[in-house]
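See structure below.
Since every read-out is calculated from the coordinates, none of them should be taken as a lab result. The model shown is predicted, which means the values in this text are computed figures rather than measured ones. Methodologically, a virtual Cβ is constructed for each residue, glycine included, from the backbone with ideal geometry; neighbour enumeration extends over all protein chains shown.
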């Protein structure tokens, strides 16, 4: 009974969250999940047979469809198909549902309807996985993992407890993916992949004891954008962020524009200067492949460019008692680094 309630609750929660966060592919998956959980809990043979027949087709179509706003013809057509599946489940003659099972067997000769249904769901999972590899979106990875769990539920449909557990896992994965996606939207910068200004503000509230803060600015970034185009500038921001993540030895944040912030705590405070110098050298040495925009507005031939960055760092002290004071001191040190010729680390 507890497993049934868990599966139903997670299916309902995934449906509500998908609506709230406007994740339409996951909403379609949650819709099928809710129907499947209801069929599994009810245990009616006809409902389970219909689950084999309709769920894989609906899920594969949902996986192939592009993610779009909710009010589209594609989504309307999918909902009509889902309504048709429910109608057929409740009222269609038995031989119609049986014919659909035979169709699944015909798709994968030598298998039974259950394996054919599972194969179709796994194909849908692969589609979402490939889309995640290309785009890197949390929603696509979530859909892929949830579909794998749903496929396991189909494979275990003869076992009530294990199939319910697989459906529960499916719902849990959708909920977890939606919540993690919401977290990333709120606290992670989409371009650089670093934590954003909001995350920095919250980290500032928790800072105590000994710490240091560094401000980082890409040298001549505005003129670089004007010369090579904003698309090339975005590439530079991503590459600089990658160097910060790899060499800073502390938590880097996207502060805004071409500026970044690094917060050093505990043992990293004593090594802050050495770590920043390592980052500076890594940025200066790294060749970045870009496609500059020509005078005609079209992308030119790929070429390698190099950029540098300036750093200002300050420690918490009697003079700088709050994180805001430390950031202000680090910012002043950054301007001194720029005035001294850029591409250097200056301590406040």
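Miscellaneous remarks
- Dividing the summed -39500 (n - 2.57) terms of all DSSP H runs of n ≥ 4 by the residue count of the chain sets its mean residue ellipticity at 222 nm at -22000 deg cm²/dmol.
- Peptides 1-8, 161-168 ordered by average Cβ neighbours within 10 Å, highest first: 161-168, 1-8
- Percent breakdown of C-alpha pair distances by 10 Å bin, ordered from the shortest bin, for the range 197-347: 12, 41, 31, 13, 4, 0
- Rounded to 10°, Cα long-axis angle of helix 45-64 versus longest principal axis of the chain: 30 degrees
- When each of the peptides 304-312, 198-206 is scored by the mean number of other C-beta atoms lying within 10 Å of its residues, the order from highest to lowest reads 304-312, 198-206.
- Nearest-ten-degree value, helix 197-206 long axis tilted from longest Cα axis of the chain: 70 degrees
- When Cα extents along the principal axes in Å is calculated for this entry, the matching label among (1) 86, 37, 32; (2) 84, 53, 35; (3) 94, 48, 40 is (2).
- Angle in degrees between helix 73-91 and the longest Cα principal axis of the chain, rounded to the nearest 10: 30 degrees
- Stokes-Einstein diffusion for the range 241-288, with the hydrodynamic radius set to the Kirkwood value over Cα pairs and evaluated at 25 °C in a medium of 0.890 mPa s, equals 222 µm²/s.
- Peptide packing: for 141-152, 249-260, the average count of neighbouring Cβ atoms within 10 Å per residue gives the ranking 141-152, 249-260, highest mean first.
- Here, the range 2-187 yields an orientationally averaged convex hull projection of 10.4 nm² when only Cα atoms define the hull.
- Rounded to the nearest 0.05, the FRET efficiency derived from the C-beta distance between residue 94 and residue 185 at R0 = 45 Å is 0.45.
- Share of alpha-carbon pairs per 5 Å distance bin for the range 122-218, given as whole %: 2, 12, 15, 16, 13, 10, 9, 8, 6, 4, 2, 1, 0
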